[in-house]
Amino acid sequence: MPKRLALPAAFAAILIAAAAAAGEGPPISGSVGDFSRIDPPLPAPADSFKDANGDQLALTDFRGKLVLLNVWATWCGPCRAEMPSLDRLEGKLAGEGLVVLPVSIDRGGGPVVAMYYYQEGIDHLGIYLDPDHGIQERLKVSALPTSYLIDQQGRLVGTLEGSTQWDSPEAFALIRYYLKASKPTAAKPLPVVPTAFTLPALAPTPATPAQRVGTGLSPL
């Protein structure tokens, strides 16, 4: 198994290096050959959606992460075909700063998605719901599944319509390119300027017997 996983990672690194050397932008080929860049990037929609508990979320809640937004439904055959590969992608690259958001438009809501996850052994993906189709309509999704890549600054940088194999070497190369390309540069900390202050006068306290006082670091 380790040898099997090492090959896609090595191939992805080669694709990224080749694209960088050629100055051609992201590596787009193979399973992600239909990926379309959005240049210049556009602001991601502000519409809300829900998690499995019914809590409201927005894409801004994931700012600072590279987001792969996937609009899908359990009744969509091509969606079901690609979902396991999205699960493997999330499991592999979540630690590198990727978040996969499979937003379901199923009318049956969370229970329908949860049952599908259980049947297919989906372990890494969360359950996200858009029963009112707000995001779908805002993005003008015309076919399922459709995926959008949103960079760490909350900008749409690319889209792919239709099912694909998201754990292929080409897909890994594409995702890792954007993980690196859109990673925000850490700002230098501002110098700390001391502020003059005066301690308030303390009222005298009555003398007390000498005591041994221990000192230590607070855990807070």
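Of all residues in the stretch 51-66, those being surrounded by fewer than 23 Cβ atoms within 10 Å (Cβ to Cβ), in a strand (DSSP E or B), in contact (Cβ under 8 Å) with a residue 60 or more places away in the chain and not charged (D, E, K, R) number 1. Residues in the stretch 102-133 that are of a type in the set (Ser, Thr, Tyr) and over 11 Å from Thr74 (Cβ atoms): Tyr118, Tyr128. If you check Ser104 against the conditions, is it hydroxyl-bearing (Ser, Thr, Tyr) and touching a helix residue (DSSP H, G or I) at 6+ places or on another chain (Cβ under 7 Å)? Yes, satisfied.
Here is a yes/no grid of residues against (1) in a loop (DSSP other than H, G, I, E, B); (2) more than 16 Å from Ile105 (Cβ to Cβ); (3) of a type in the set (Val, Ile, Thr):
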| residue | (1), (2), (3) |
| --- | --- |
| Tyr118 | no, yes, no |
| Asp123 | yes, yes, no |
| Asp132 | yes, no, no |
| Ile135 | no, no, yes |
| Ser142 | yes, no, no |
| Tyr148 | no, no, no |
| Gln153 | yes, yes, no |
| Leu156 | no, yes, no |
| Thr159 | no, yes, yes |
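Screening Gly97, Gly109, Gly134, Gly91 for residues that are surrounded by 14 or more Cβ atoms within 10 Å (Cβ to Cβ) and under 16 Å from Arg155 (Cβ atoms) leaves exactly one candidate, Gly97.
Readers should treat all values here as calculations from the given coordinates under stated rules, not as data from a laboratory. Worth saying up front: this structure is predicted, and the values here are computed from it rather than measured. No Cβ is skipped: glycine too gets one built from the backbone with ideal geometry, and neighbour counts run over all protein chains shown.
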